[in-house]
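Step one of this worksheet: look at the structure below.
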Amino acid sequence: MSTYFPKGEIARKWYVVDAEGQTLGRLSTRVARILSGKDNPRYTPFLDTGDHVVVINASKVKLTGLKANAKVYRRYTGFPGGLREEEFAKRLARKPELIVQEAIEGMLPKSKLGRAMATKLKVYRDEKHPHQAQKPEAIAPVA
């Protein structure tokens, strides 16, 4: 059996996803599937066959249960005593795009291919985005 290769140029679509009132994890898995191309019939595991995704209203994303109070984002600067922590509520007020972007990128492969997929993700705090010229299709919210 031979390996399937999509013929010709990969036609990439643009989608817009409204994050208002959606759960972060469910939204992230749906967007990650689109970015990786798994919703595309021409999906090939070792090629970037995914589409572009614009996420709007990132500041209105929600978490279930008590995670909004308990979730903490940690990073290490590389220096002694350099562990930095930030609560979910503070990061949501400061940079909500980063919350959504990191959640989605964490579900993509950790390789050159995953980094290429992540470049097709655009996240915006509110409804305004500069991608009207690409005529993005709206995706219905996750149930």
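Taken together, the values in this text are just the output of simple stated rules run on the coordinates, not laboratory data. Everything quoted here is computed from the prediction, not taken from an experiment. Please note: Cβ atoms are built from the backbone with ideal geometry, for glycine as well, and neighbour counts cover all protein chains shown.
Observations on the model:
- With the simple spin-label model, which puts each label point 7 Å out from Cα in the Cβ direction, the Arg33 to Leu47 separation comes to 2.2 nm.
- Amide H to amide H distances under 5 Å link Val55 with Val17, Lys122, Val123, Tyr124, where only residues 5 or more positions off or on other chains count and H is placed in the peptide plane.
- For the chain, averaging the sequence separation of C-alpha pairs within contact (under 8 Å, six or more residues apart) and dividing by the residue count gives a relative contact order of 33 percent.
- In Hz, Karplus ³J(HN,Hα) per residue of segment 61-71 (6.51, -1.76, 1.60; θ = phi - 60°; x = Gly, Pro): 6, 10, 10, 8, x, 9, 5, 4, 8, 9, 6
- Counting only DSSP beta bridges whose two residues both lie in segment 14-139, roughly 30 percent are antiparallel.
- Overall, the chain carries a charge dipole of about 260 debye about its Cα centre when +1 sits on the Cβ of Lys and Arg and -1 on the Cβ of Asp and Glu, all other atoms neutral.
- The slack between Glu102 and Glu85, meaning 0.36 nm per residue of separation minus the straight C-alpha distance, is 4.6 nm.
- Between helix 96-105 and the chain: long-axis angle, C-alpha atoms, 0 to 90°, nearest 10: 50
- Taking a ≥ b ≥ c as the square roots of the eigenvalues of the Cα gyration tensor, an a/c ratio of 1.5 or more together with a/b no larger than b/c marks segment 48-143 as oblate.
- In Hz, Karplus ³J(HN,Hα) per residue of segment 51-58 (6.51, -1.76, 1.60; θ = phi - 60°; x = Gly, Pro): 10, 7, 10, 10, 9, 10, 6, 5
- The alpha-carbon of Lys67 sits under 16 angstrom from the alpha-carbons of these aspartates and glutamates, leaving out residues fewer than 8 places away in its chain: Glu85, Glu86, Glu87.
- Across segment 28-72, C-alpha contacts under 8 Å between residues 6 or more apart give a mean separation that, scaled by the residue count, equals a relative contact order of 27 percent.
- Legend: calculated FRET efficiency, Ala116 to Ala68, from the Cβ-Cβ distance at R0 = 41 Å, rounded to 0.05, equals 0.80.
- From helices alone, the chain scores -8000 deg cm²/dmol at 222 nm; the rule is -39500 (n - 2.57) for each run of n ≥ 4 DSSP H residues, then divide by the residue total.
- Listed by chain and number, the lysines placed with their C-alpha closer than 19 angstrom to that of Lys112 are Lys38, Lys120, Lys122; residues fewer than eight positions away on the same chain are left out.
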